[in-house]
Amino acid sequence: MSNPSTPEDLLAAVAGGSTEAFSQLYDEFSSALLGITLGILKNRAEAEEALQDIFVTIWKSADKYRPELGKASTWLISLTRNRAIDRLRSRKRRDKLVEAVSEEGFKNVDEESPETPLIAAELSERVRQSLKTLPEDMRTVLELAFFHSLTQSEISEYLNQPLGTVKSRIRRAMERVRTTLTDISDYRTEA
């Protein structure tokens, strides 16, 4: 198959390892699939990152496409939509975790209380101290994510580390910081 023309033919060729077919498939579908990811994620950088992940998935799993179940374009659109929704859910979970970590130390604090500035300063200091106790690899990814606003993929590229490693380090670091803040909250409640 020297020059596949239909999306079905392209996917079959990609499943066989054809980089030329993959390139052609990308040229044909990347704009439409980017539009789908952008519509779901509402963030161009994140949509482009998702599109890259989607095409990696297409490369690895083109052999899973079954023509008898539907058109190739439908399969590509479904895959894209599902991955973008998964990414959106993941972002929402991450945002909730960040919010929970940020607010954990302020549970049961009366905003009108004269102690509030002292408690906020103590919490801020505890967060700084907690970051210092993290292993360097965890502290680095957390600082790049939250203080430099890099995406996980950007951190992966910047540090030349696998994306999965970056994601797990951020998650573990957040859990440790949250534990520290929970301990602070428990201490303050007992006092």
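The values are calculated or read from the model by the stated rules, or taken from the named source; none is laboratory data. Owing to the predicted nature of the structure, the values given are computational and were not obtained by experimental measurement. Here the Cβ is made from the backbone with ideal geometry for all residues, glycine too, and neighbour counts use every protein chain on show. These accessible areas exclude ligands, DNA and RNA; they are computed on the full protein's heavy atoms, side chains included. Shrake-Rupley method; radii C 1.70, N 1.55, O 1.52, S 1.80 Å.
Observations
- Simple label model, 7 Å out from Cα along Cβ direction - Ser90 to Lys71, nm: 2.9
- Most to least accessible of Thr6, Thr57 (protein chains only, probe 1.4 Å): Thr6, Thr57
- Rolling a 1.4 Å probe over the protein chains gives Ser5 an accessible area of about 80 Å².
- Area accessible to solvent at Arg171, 1.4 Å probe radius, in Å²: 120
- Here Ser5 and Leu163 are evaluated by their C-beta separation; at R0 = 41 Å the FRET efficiency comes out at 0.75.
- With the simple spin-label model, which puts each label point 7 Å out from Cα in the Cβ direction, the Phe146 to Asn82 separation comes to 3.4 nm.
- Net lengthening on full extension, Arg44/Val56 (0.36 nm per residue, minus Cα-Cα): 2.5 nm
- Each of Glu8, Glu136 has its accessible area taken with a 1.4 Å probe; listed largest first, they run Glu136, Glu8.
- Listed residues Tyr26, Tyr158, Tyr65 arranged by accessible area, highest first, probe 1.4 Å: Tyr158, Tyr26, Tyr65
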